[in-house]
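Notes for the one structure printed next.
Any read-out appearing in this document is the output of simple, stated calculations on the displayed coordinates, not a laboratory observation. Note that the structure is predicted; figures quoted are calculated from it, not measured. Virtual Cβ from ideal backbone geometry, glycine too; neighbours counted across all protein chains shown.
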């Protein structure tokens, strides 16, 4: 009975998670954990603790996520779940990447890479190459980053991971932004946006628009940047995302700049008249 209840609660949590309702998802996973502790089912514990680690990670509670993932790792070692170990090592790497601890993140990722190659985990490898691309990009190794994203995209296509393809194209776009290669960045983001919209994925569509807004802002096309950022802020509000305040301030600053530009143009017209 407890096992069945845990599975049901995890399913409900996953549904909330997929919609971006993180608070509701956390409540479901926490209730499932109580059931799993009582039942002593290690495999159920692995699933629930992994979900709790994921929800804590996306909501910025890195230390809690680390604790959950470490317990998952110990259980997977006891169970001999090598494929699962690879996934958990990648998750631990993600936490370090979120904290900009690039060397530690890379170490976790490379350990996961060895395991995933050995177990033939192509879906896991597809995501992992994207993660390695992030580390390479953030440490200024842009050519390595591009190669990693290309490997990721090839595996995403092979495994049919449309959401992952949207992510990889967006990440490539961000790499080009950092190199000030704006036209290439916009092309990547438009591809990411098209894939996300085709799948009805508002969050990934918002991610693509966010990078496009940055491109337009940096090249001085402030109207396009503001239009895109307005859409992003609406998604932040809808899904209660952590960057709502930051993005709202950025949008307000862009609107103020646009108003100043309009005022300046109006003054020039009056002067000429």
Shape descriptors of segment 120-247 over alpha-carbon atoms, Rg and Dmax in angstrom, are 14.5, 47
Here the relative contact order (percent) of the chain, from C-alpha pairs under 8 Å and at least 6 apart, is 9 percent
With label points set 7 Å from each Cα along the Cα-to-Cβ direction at residue 257 and residue 102, the distance between them in nm comes to 2.6 nm
Rounded to one decimal in nm, the spacing of the 7 Å Cα→Cβ label points at residue 181 and residue 154 is 1.8 nm
Distance in Å, no decimals, from the C-alpha centre of segment 82-110 to the one of segment 146-209 is 21 Å
Largest-first semi-axes in Å of the equivalent ellipsoid built from the Cα gyration tensor of segment 81-160 are 19, 16, 9
Classified through the alpha carbon gyration tensor (a ≥ b ≥ c as square roots of its eigenvalues; rounded if a/c is under 1.5, else prolate when a/b is larger than b/c, else oblate), segment 8-68 comes out oblate
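When the chain is fully extended, how far beyond the present Cα-Cα distance does residue 147 get from residue 244, taking 0.36 nm per residue of separation? Walk me through the numbers on the way to the answer.
Working: separation 97, 0.36 × 97 = 34.92 nm, distance 3.25 nm.
My answer for the length gained is 31.7 nm.
At 222 nm, what value in deg cm²/dmol follows for the chain if DSSP H runs of at least 4 each add -39500 (n - 2.57) and the sum is divided by all its residues, to the nearest 500? Mind showing how you got there, number by number?
Numbers: 13 runs with 238 residues, N = 273.
So the helix-based figure for the chain works out to -29500 deg cm²/dmol.
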Taking 239, 109, 29 and counting other beta carbon atoms within 10 angstrom, the fewest-first order is 239, 109, 29
Given a Förster distance of 22 Å, the FRET efficiency implied by the Cβ-Cβ spacing of residue 4 and residue 42, rounded to the nearest 0.05, works out to 0.85
Taking 264, 152 and counting other beta carbon atoms within 10 angstrom, the fewest-first order is 264, 152
Computed curve, the chain, Cα-only Debye sum without solvent term, log₁₀ I(q)/I(0) at 0.10, 0.13 Å⁻¹, is -0.59, -0.94
For residue 18 and residue 63, extending 7 Å from Cα along the Cα-Cβ vector and measuring point to point gives, in nm, a value of 3.4 nm
Between residue 11 and residue 110, the FRET efficiency computed from the C-beta separation at R0 = 30 Å comes out, to the nearest 0.05, as 0.35
